[in-house]
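Report on the following structure.
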Amino acid sequence: MKNTVAFLLFCFLMSSSLLRAQITRAEQEMLTPDDVIADLMAGNEKYITGKLTDGDIVSRIEASATGQHPKAVILSCLDSRVPVELVFNQGIGDVFVGRVAGNIENGDQLGSMEFATKLSRAKLVMVLGHERCGAISGAINEVQLGNLTALLEKIRPAIETVEGFEVEDRVSANAAFVKAVTQQNVRLTVENIRKGSPVLAELEKSGEIKIIGAMYDVQTGRVSLLD
Ligand SMILES: [Zn+2]
């Protein structure tokens, strides 16, 4: 009887979000890219409704000390309003996160993604842009400052390829234009990841991973997947 009660209590605790544990290698292997997308979007729903469940940090530090089997690698902007793990209700050991202003890819980010997927077996590469991005506005305004100049130059192709705006409307004061450029920048970054990394392109082609773009709304906290 005592054992039964203990077992039931164990089952309850394991199913409760407070004890959500880091996934094992076997569990990671079972996941499909679509499973991971669904998990992240479900986590975002918890985030925007104030129901985060990353409860027991101390035990997760201990549990993750000997290894990691993250589900995804997420390339995000530097912006402090996009706390990536919180946004998707993920805890220690759940996701790799690469950050750079404007969430653009470069050789080091690609190498990190190759490590995350090919070697560490993460199933998803997500490029996460966000609305009201200072890097995008800075690039539109052609801000010049030290090393930032070269970084913002990498956003220029997104500015130049956005269609549907008259010349006078292609300014940072136009929120619709900034949003369109931000989405275009995510889409181009996804394309550039495929072009720049045969390793990742091959993993995607074989169905082992997906490479997707998404947008974070700083007003609502909601993440939307891009087509
Ligand atoms: Zn930003």
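Observations on the model:
Listed here are the residues, each with its yes/no results for (1) open to solvent by 50 Å² or more (accessible area, probe 1.4 Å); (2) on the phi > 0 side of the Ramachandran plot; (3) in contact with a Phe, Trp or Tyr (Cβ under 9 Å, 6 or more places away or on another chain); (4) at pLDDT 90 or above.
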position: L8; (1), (2), (3), (4): yes, no, no, no
position: L19; (1), (2), (3), (4): yes, no, no, no
position: I23; (1), (2), (3), (4): no, no, no, no
position: E29; (1), (2), (3), (4): yes, no, no, yes
position: R81; (1), (2), (3), (4): yes, no, yes, yes
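- Every pair of residues 6+ apart whose Cβ atoms lie under 6 Å, when the first sits in the range 21-48 and is closer than 25 Å to K205 by Cα while the second is assigned to a helix (DSSP H, G or I): none
- Selection within the range 84-104 - part of a loop (DSSP other than H, G, I, E, B) and away from the ligand (no atom under 13 Å from the Cβ): F88, N89, Q90, G91, I92, G93, D94
- Scanning the range 107-136 for residues that are away from the ligand (no atom under 16 Å from the Cβ) and among the polar types (S, T, N, Q) gives S112, T117, S120.
- So T182, is it touching a residue at least 12 places away in the same chain (Cβ under 8 Å) and in contact with a Gly (Cβ under 7 Å, 6 or more places away or on another chain): yes
- Matching entry among E168, E153 (being open to solvent by 80 Å² or more (accessible area, probe 1.4 Å), away from the ligand (no atom under 11 Å from the Cβ) and either more than 23 Å from the chain's Cα centre (by Cα) or touching a residue at least 24 places away in the same chain (Cβ under 8 Å) (or both)): E168
- Test: residue in the range 58-75 that is modelled with pLDDT of 95 or more, part of a helix (DSSP H, G or I) and either β-branched (V, I, T) or more than 16 Å from the ligand (Cβ to nearest atom) (or both): no
- Selection from the range 44-79 of residues that are open to solvent by less than 20 Å² (accessible area, probe 1.4 Å) and not basic (K, R): N44, T53, P70, A72, V73, I74, L75, S76, C77
- T189 vs. criteria of a type in the set (S, T, Y), within 14 Å of the chain's Cα centre (by Cα) and open to solvent by less than 30 Å² (accessible area, probe 1.4 Å): yes
The values are calculated or read from the model by the stated rules, or taken from the named source; none is laboratory data. Predicted model only: the values in this text are computed from it and were never measured. Note: ideal-geometry Cβ built from the backbone for every residue, glycine included; neighbour counts use all protein chains shown. Ligands, DNA and RNA are stripped out before the accessible areas are found, and what is left, the full protein with its side chains, is counted by its heavy atoms. Shrake-Rupley method; radii C 1.70, N 1.55, O 1.52, S 1.80 Å.
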